[in-house]
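Below: the structure, in structure tokens.
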Amino acid sequence: MTSTLRVNGVDLVAEASGALIWPEAATIVVADLHLEKGSAMARRGTLLPPYDSRATLDRLEDAIARTRARRVICLGDSFHDGDAPERLDAVEVARLVRLTRLVEWIWIIGNHDARPGGRTRDTARQAVPRAWGGRAEAVVTFGALTFRHEADRQAGPGEVSGHFHPKAAIATRARRITGRCFATDGRRLILPAFGAYAGGLDVLDPAISDLFERGFHAYLIGRATVRAFPSARLSPVW
Amino acid sequence: MTADLADGMAVQRGLPAPFAGWFAQRGWAPHRHQIEMVEAAHAGQSALLIAPTGGGKTLAGFLPSLIQLWEGAPSGLHTLYISPLKALAVDIHRNLEAPIAEMGLPIRAETRTGDTPHAKRQRQRARPPHILLTTPESLALLISYSDAPDLFKSLSCVVIDELHALAGTKRGELLALGLARIASLAPNCRRVALSATVARPDALRAWLSKTGRDNPDAVRQIVGREGARARVSILDSRERLPWSGHMAVHALAEVYREICRHGTTIVFVNTRAQAEIVFHNLWRLNEQNLAIGLHHGSLAVEQRRKIEAAMAAGRLRAVVATSSLDLGIDWAAVDLVVQIGAPKGASRLIQRIGRANHRIDEPSQALLVPANRFEVLECRAALDAVRQNTLDGDPPRPGGLDVLAQHVMGTACAGPFDADALYREVVTAAPYADLERKDFDDVVEFVATGGYALGAYERWRRLSRDENGRYKVAAPHFVRRYRMNIGTIVEAVTLKVKLMRGPILGEIEEYFVQGLVPGDTFIFAGELLSYQGLRETMVEVTRAKGETEPKVPAYEGGRLPLTTHLAERVRALLADQRQWGGLPLPVERWLRLQEHFSVLPPERGLLIETFPRGNKEFLVAYCFEGRNAHQTLGMLLTRRMERAGLRPLGFVATDYVIAIWSLRPVRDFDDLFDQDMLGDDLEAWMAESSLLKRTFRNVAVIAGLIERRHPGEEKTGRQMTFNSDLIYDVLRKHDANHILLRATRADAASDLVDLRRLSGMLARIKGWIRHQRLDRISPLAIPILLEIGRESVAGSAIDDLIEEAAEELMAEATGSPSAPELPL
């Protein structure tokens, strides 16, 4: 189940999977995969199930197949930490390489990040081994849309980004419902995290909501649906 | 001289002089069961003492130890006393100090709980007292220290108080494992348990035995003298008896008059919401300004302690209480116990009645106050059960694998262990007596590496093997972490309630707050409060003014389902008209009307009524299997009706009845209630259910997969819920047979879903369904239809339905699939 939205005049589709589809450009956009978050936790003693990368790639593969996308844009924080690519299971690596060969693949990296293959402390999240394919960009523009990791206050209309892992809650008569969400005011769009273990930040937090001067809509992801709510109707997440 | 006293004088000769003298000085004669406990100790036997409250039960538990210590025992820890409640341990300690001081015994007794200061705890390990009074959690912690063998090697006796309240729970399972450990460290240590009267003493004997199996030679069962029979009656209210509801507000004026007539009264209720309402209304009626208090598990600890102290000092005339007062501390003189609402179980009622009057020779007085017509039937059935002294008893369930995982880690924290030896030890704990070696090995592997089919975590193992193949903790921080997360009590997510510019009043469940908007009023801690908003994780409130209609806390907590035993009695009562004479007139008339307009539910089969009402088709099934089982049944039936194209619209379940409404009528009832619904439908439903996610969260915390809190960082329950849901989804998809999912399913099946009851019912009614087609609602169906719409925030099993409804609301709220684009 999906919901349509328009950013800077471009028609887009928000999927319950957390992916953004741009049908006209046969493009699929995902943010914050955080691959190997499970093993990062395991290293610190919390032995979470080691299937998060597999689960995330399953959903991504499924979304690509379903939408017949010819281009994939990953909006940064694709790996949970600098060592994550080394920890990724060989089977998953092979799958990733197959995907990057199948379609045009863009790894967006942040302003502060190392270029692919490079390693610097705490900025190496986006460092993807060159052999895995795809091309790395800090910012990329297609038509009326510009893609970057973290929203830039000065950016003009049509900016699509990730980074914040937005979540939203609504109060219904019966109970409060909380979930990941897309957030947009028609000028800019922020995507939810796509990674299986990625947590979230309340979309009403000033870090996100201040980016939208005149209010916004949150496209809340339910169990199998995506529904839009004006920001004024949202409740705090806790 | 009464026969009993003469009996006492005779047995008194079995006591050493200072003890016989002490009894005589107080004008007491030892009870026969107290002497029998001493004899069991002489014979080196373990002992299970089953006695009603008030017969000197605690003293009976300690007497053999006091005598042995007086005779001169080697230094070191001699007796370990374990209580389910911290407060009880403290109270028992106080009571124990009296004989020790009065006889001048050279015995040091101390308590050790989570509240004990660090320095004192350190000293207790270095220089242990003779008698240590503690809780199951503190014991688990003691066992995890490397000096545990030194501490426990001198142990001669373990006394477990209120065993009936621990056996069959996860806390009891952890304790049973801890005792198995102690049996290895101190092979000659005896076990003594004190219990209220139970339906299945064999299960408790097995629990207490060192083999995990019932063996009357190893565990001597001692039965205390029966106290005087309780005088129990059902309130014959002059007021109109309500059709539905659980608050019994109609009868509170009469309850108040009873409070006025008696010295001290405990008013027991079943839920915290009831406690608040009853307390609030009693104070409205309180013309004489009697001291009436409130006690339930959500109140701030200080407030509870204040009430307990006032009660102990005899400063209260009445206290309104939930099960938070079911156990424990001896109130000197309670003259009357009032049970508001149906008691739900015979054993529970007997336990509660026992709270009145701890003097064994005087009969306890109790008054049952049914809140609606069905509850009259249930109270009647419970009263008969008390008179005939029949009790509820379900067979014990096997111990949880999550608890075992915690114990395995705790064992490793104390020092390296050999897997074969630990397995042999674990199966001597009754809950694990039938544990398969494969399950044990899976648990050990889970503790060591997470136990995932994808063996990815070899290099971050928690347990490694030493040169002898024994398991040991891989790094010291795992030990710290274990100790921070000990125990099996995982609290529901709660939020603190704070008066603005005032104190914290207590905690309420998150989901209740979710239904509030600022300005809403609710009753909490006995006050009418107005919700102002959330500040971080604090619920901010002000005192509400005026007579607004409160939104009452609808806690899930304390909602026990009707026991099987009582359900059988209610069915039998309905089916046997000769028994109706004792019922209040309106209830008898109600049943006669039912007989006239429809039929009565049969004792063995299942009565189903169907009738049209307001363009909908109603189906009412009189199952009497308790709310939990009915909610699961409702989910499964509506799912099946959906598939059959009957367009079910909703259902509502009580302890007695389930009602479903749909657009089209059901035709084939045998098919609808076929046992095969417990197959695929159940699997499919369970898999999606948020119920299982919550169960998984508890299992994951107990097993040590996720933490309650980090050193130095308090994790809120909220974050834990979120994370565990993500983990659950991933694990279910990629490792469906993982040990924690197995543990989750086992828990859900026994604790929450009441599947056993459901499958028992489906088997029982097969071929015995009696369908009664009516052209309108029947008298017996009126209460359940009144429940519709009342249960706005209901129990766990139906929140899937709520979720679906909420998703529809989401669509409704937006009107169109997409929001309009904002002007650029």
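Would you mind stating whether residue B:415 is of a type outside the set (Ser, Thr, Tyr), farther than 30 Å from residue B:300 by Cα and touching a residue at least 40 places away in the same chain (Cβ under 8 Å)? Yes: the conditions hold for residue B:415. Among residues that are within 11 Å of chain A (Cβ to nearest Cβ), of a type outside the set (D, E, K, R), closer than 22 Å to residue B:487 by Cα and out of contact with any Lys or Arg (no Cβ under 9 Å at 6 or more places or on another chain), residue B:446 is included.
Going through (1) in a loop (DSSP other than H, G, I, E, B); (2) within 26 Å of the chain's Cα centre (by Cα); (3) surrounded by fewer than 21 Cβ atoms within 10 Å (Cβ to Cβ) one by one, residue B:203 falls short only on (1).
If I ask for residues that are among the aromatic types (Phe, Trp, Tyr) and in contact with a helix residue (DSSP H, G or I) (Cβ under 8 Å, 6 or more places away or on another chain), which ones from segment A:22-60 would you list? Answer for segment A:22-60, where residues must be among the aromatic types (Phe, Trp, Tyr) and in contact with a helix residue (DSSP H, G or I) (Cβ under 8 Å, 6 or more places away or on another chain): just A:51. Take the conditions (1) of a type in the set (Val, Ile, Thr); (2) within 12 Å of another protein chain (Cβ to nearest Cβ); (3) under 23 Å from residue A:70 (Cα atoms); residue A:146 misses just one of them, which is (2).
Take the conditions (1) surrounded by 19 or more Cβ atoms within 10 Å (Cβ to Cβ); (2) farther than 21 Å from residue B:432 by Cβ; (3) out of contact with any Gly (no Cβ under 8 Å at 6 or more places or on another chain); residue B:181 misses just one of them, which is (2). The set of residues in segment B:60-118 being of a type in the set (Gly, Ala, Ser) and surrounded by 21 or more Cβ atoms within 10 Å (Cβ to Cβ) consists of B:60, B:61, B:65, B:83, B:89, B:109. Only residues that are within 24 Å of residue B:355 (Cβ to Cβ) and under 29 Å from the mean Cα position of the chain (by Cα) were counted across segment B:240-257, and they come to 8. Given the condition basic (Lys, Arg) and under 30 Å from residue B:450 (Cα atoms), answer yes or no: does some residue in segment A:6-25 qualify? Taking every residue of segment A:6-25 in turn, none turns out to be basic (Lys, Arg) and under 30 Å from residue B:450 (Cα atoms). Counting only helices (runs of 4 or more DSSP H) that sit completely within segment B:368-482, those holding 1 or more residues that are of a type in the set (Asp, Glu) and surrounded by fewer than 16 Cβ atoms within 10 Å (Cβ to Cβ) correspond to B:419-426, B:437-449.
Can we say residue A:73 is in a strand (DSSP E or B) and either surrounded by fewer than 22 Cβ atoms within 10 Å (Cβ to Cβ) or more than 14 Å from the chain's Cα centre (by Cα) (or both)? Answer is no for this residue. If a residue has to be at the interface with chain B (Cβ under 9 Å from one of its Cβ atoms) and of a type in the set (A, V, I, L, M, F, W, C) to count, how many in segment A:1-17 make the cut? Final tally of qualifying residues: 2.
Looking at segment A:178-193, is at least one residue at pLDDT below 90 and outside any strand (DSSP E or B)? Looking through segment A:178-193, none of the residues is at pLDDT below 90 and outside any strand (DSSP E or B).
Residues to consider are B:59, B:48; find the one that is outside any helix (DSSP H, G or I), touching a residue at least 40 places away in the same chain (Cβ under 8 Å) and within 30 Å of the chain's Cα centre (by Cα).
B:48
Checking segment B:750-768 against the condition returns no match, with no residue being at pLDDT 70 or above, part of a strand (DSSP E or B) and either more than 10 Å from chain A (Cβ to nearest Cβ) or farther than 27 Å from residue B:453 by Cα (or both). When the residues of segment A:176-226 are filtered to those that are among the hydroxyl-bearing types (Ser, Thr, Tyr) and closer than 20 Å to residue A:74 by Cβ, the one that is nearest to the other protein chains (Cβ to nearest Cβ) is A:197. Assess whether residue B:583 counts as being modelled with pLDDT under 90, surrounded by 14 or more Cβ atoms within 10 Å (Cβ to Cβ) and either touching a Pro at 6+ places or on another chain (Cβ under 8 Å) or not β-branched (Val, Ile, Thr) (or both). Spelling it out, residue B:583 is indeed modelled with pLDDT under 90, surrounded by 14 or more Cβ atoms within 10 Å (Cβ to Cβ) and either touching a Pro at 6+ places or on another chain (Cβ under 8 Å) or not β-branched (Val, Ile, Thr) (or both). Of everything in segment A:54-65 that's buried (at least 20 other Cβ atoms within 10 Å of the Cβ) and touching a residue at least 60 places away in the same chain (Cβ under 8 Å), which residue is nearest to residue A:140 (Cα to Cα)? For segment A:54-65, the residue satisfying everything is A:60.
Under the condition of being more than 9 Å from chain B (Cβ to nearest Cβ) and in contact (Cβ under 8 Å) with a residue 60 or more places away in the chain, the residues counted in segment A:227-236 number 1. With respect to (1) under 30 Å from the mean Cα position of the chain (by Cα); (2) modelled with pLDDT of 90 or more, the lone exception for residue B:632 is condition (2).
Scanning segment B:274-305 for residues that are free of Cβ contacts under 8 Å to residues at least 24 places away in the same chain, more than 22 Å from the chain's Cα centre (by Cα) and either buried (at least 22 other Cβ atoms within 10 Å of the Cβ) or in a helix (DSSP H, G or I) (or both) yields a count of 2.
Taken together, the residues in segment A:18-47 that are of a type outside the set (A, V, I, L, M), in contact (Cβ under 8 Å) with a residue 24 or more places away in the chain and either in a helix (DSSP H, G or I) or within 13 Å of chain B (Cβ to nearest Cβ) (or both) amount to 7.
The values are calculated or read from the model by the stated rules, or taken from the named source; none is laboratory data. Just so it is clear, the model here is predicted, and its values are computed rather than measured. Here the Cβ is made from the backbone with ideal geometry for all residues, glycine too, and neighbour counts use every protein chain on show.
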